[in-house]
Amino acid sequence: MGNDPSGKVRCAIYTRKSSEDGLAQDFNSLDAQREACAAYVASQASEGWELLSAHYDDGGVSGGTLERPSLQRLLSDVAKNRIDIVVVYKVDRLTRSLLDFAKLVEIFDAANVSFVSVTQAFNTTSSMGRLTLNMLLSFAQFEREITAERIRDKIAASKAKGMWMGGIAPLGYEPDGNNSLRIVEGHARLIRDIYRRYLSLKAVRLVFDELSAEGVTAPLRIKKDGGTIGGRSFTRGQLYQILKNPIYCGKIRHKKAIYEGRHQAIIDSDVWNNVQSILAENTRGQSANRKASSRFLGGLLFDESGEPWIPVHTSKPNSRRYRSVEKRFYYYVKRSVHFQKTGQRKSGKMPSRLPADELEQLVKKTVSQFLSDPIAVLSEVGLPLDCTSIERVRQSSEVLCNSLSNPEHYKLIRRVIIHLEHLEIILSLSVLSLLIGLGTNCNGRTTTSLTNDMRLVRNSNSLRLIDKRGEVMVSKVDPVLLNLLAQARVWWRQLEKGQMDIATLARKEKVTASYITRVVRLSFLSPKIIEKMLKGEQPSQMNGVTILAKGAIPMSWNDQEAIHSIA
């Protein structure tokens, strides 16, 4: 203090008021604070105190922040060595935060500036003043916390009595002016429709896709301050909030507690409870299978009882020789089986696991076959059959078939249902119409169903999907069969050239002579069978074990094809 060459002590008065109420008056709170501070500075004239003409007044600004125009200007002048003492009416006019006050004191100390509160008779030039100041700020903070606790307790008690405690009313309601809500019937119908769709589809993503495809938007609402909310498409987050909000079944939530509300329910309690059960069931397993959930049918696959099937994977060594290299095998598994729910691990004749790659290929193949028939597509969508529409569908379908894995096209497939002997694929007609550029469908239907017969069989250590005739439904090259074919050719060339006999070759390869003989027979396999192997279209029962069985490869190609059911 006393940095002025003239020996004068330059005093700056800082005033603040939290609200703007009364600031327009001729003599307001800021004027009162400044008058009291000026009188105090005048009383210290004998000490050389002199009041600066600059005003540092913040009106309508909270003391919980340091981002105040006049305070920042004051700190700038402190840094420029223009002030020796900062005078305030009360400590809390400068700040209400003990942490912020510590920052200000550090700034003042660095500039050798003192701090004086005229109504609390201390300044920061002495250690006692610093102690008193910290005590006062601590008590002020304690008082604010007590006040906040009282407000929180009042809110909790009011909500326990079912009262609506303000804020933006949930969609479907409006405040009734008596600490409660009344139903806005036009909006309530939309809420009931969202709950109905979710009970049917059992997935928020599908509800979102359906609402988006139909152009359903949140109603435009006007807030008290004149602002607006709504008027746009629903987001998934908004749909989750609607489905999880207990206010729609006549309840009031306060933190983790739920109380009976005074308002009327929009959703029946049975519907509410069913929706919460589905939400809870869908939430399970999401974290454990988050990486696998990127599979094509993740969130779309269910069985005929409505139970979801989730994507999982297992890892196994890639080969006997390279056991450190793991290969992943992906499956879709019934959720109850995956989490080993008691009493649900047995599912009768219905399989509990399906190979992911084959199932996904089968779904894409079935959808592609449907899209490749323009007449069938136009018939389902409900549009007239004419040359222009048929050509447009043909061109659009070709592009769509080649990009079914595109996330934008997931919306086309509404749900895939696994039945005991067939697969059902439900498509959204409204999404299909938009994707092929035909606008919205005009026959009043929203979905169509495709079916494909299938059964599950075990082939050695793998699972295969076959049709009623026993033929594989999806091509899948068996690397074991291809390796055996290659090995047979190599061994036969060595034997054919007379380089060694079977016994010598067996000793060299560390296998039995019988095994050498059975593998070499593959060199005389029917070209039709070899072609099927190379395309992955071999019979479901053909694998590395059955192809080497006794009598599996007779000398006649016709006999070979007959034994292995190759037409």
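None of the figures in this text is laboratory data; all of them are computed from the coordinates on show. Predicted model only: the values in this text are computed from it and were never measured. Positions of Cβ are generated from backbone atoms using ideal geometry, with glycine treated the same way; all protein chains shown enter the neighbour counts.
General observations
- Both radii come from the Cα set of the range 173-283: Rg as radius of gyration, Rh as Kirkwood radius; their ratio Rg/Rh reads 0.96.
- In terms of the mean number of neighbouring beta-carbon atoms within 10 Å, the peptides 296-307, 353-364 order highest first as 353-364, 296-307.
- Taken one residue at a time, the phi angles of the range 54-66 give Karplus couplings (6.51, -1.76, 1.60, θ = phi - 60°) of 5, 9, 10, 10, 10, x, x, 10, 6, x, x, 9, 8 Hz. Gly and Pro are set to x.
- Extension gain, THR65 to GLU35, is 8.3 nm, computed as 0.36 nm per intervening residue step minus the present C-alpha separation.
- Burial ranking of peptide ranges 523-536, 239-252 (average Cβ count within 10 Å, highest at the top): 239-252, 523-536
- Order by protection proxy (mean Cβ within 10 Å, highest first), peptides 141-150, 182-191: 182-191, 141-150
- Which of LYS154, LYS411, LYS256 has the fewest Cβ neighbours within 10 Å, and the rest in rising order: LYS256, LYS154, LYS411
- Amide H within-cut-off set for ARG16, under 5 Å, with H built and near neighbours excluded: ASP58
- Each of HIS419, HIS338 was scored by other Cβ atoms within 10 Å of its Cβ. Arranged with the fewest first, they read HIS419, HIS338.
- Note on GLN25 and GLN494: the extension gain reaches 157.8 nm, defined as 0.36 nm multiplied by sequence separation minus the Cα-Cα distance.
- Summed side-chain charge close to TRP164 - residues other than TRP164 whose Cβ falls under 12 Å, Lys, Arg +1, Asp, Glu -1: +4
- Taking ILE436, ILE566 and counting other C-beta atoms within 10 Å, the order from fewest to most: ILE566, ILE436
- Shape of the range 473-545, Cα gyration tensor, a/c cut at 1.5: prolate
- Bridgeable lysines around LYS334 (alpha carbons under 17 Å apart, same-chain partners fewer than 8 residues away excluded): LYS202, LYS346, LYS349.
- Placing R0 at 25 angstrom, the Cβ-Cβ distance between ASN274 and LYS161 gives a FRET efficiency of 0.35 after rounding to 0.05.
- Residue-span extension gain [ASP225 to ASP109] - 0.36 nm each, minus C-alpha spacing: 37.3 nm
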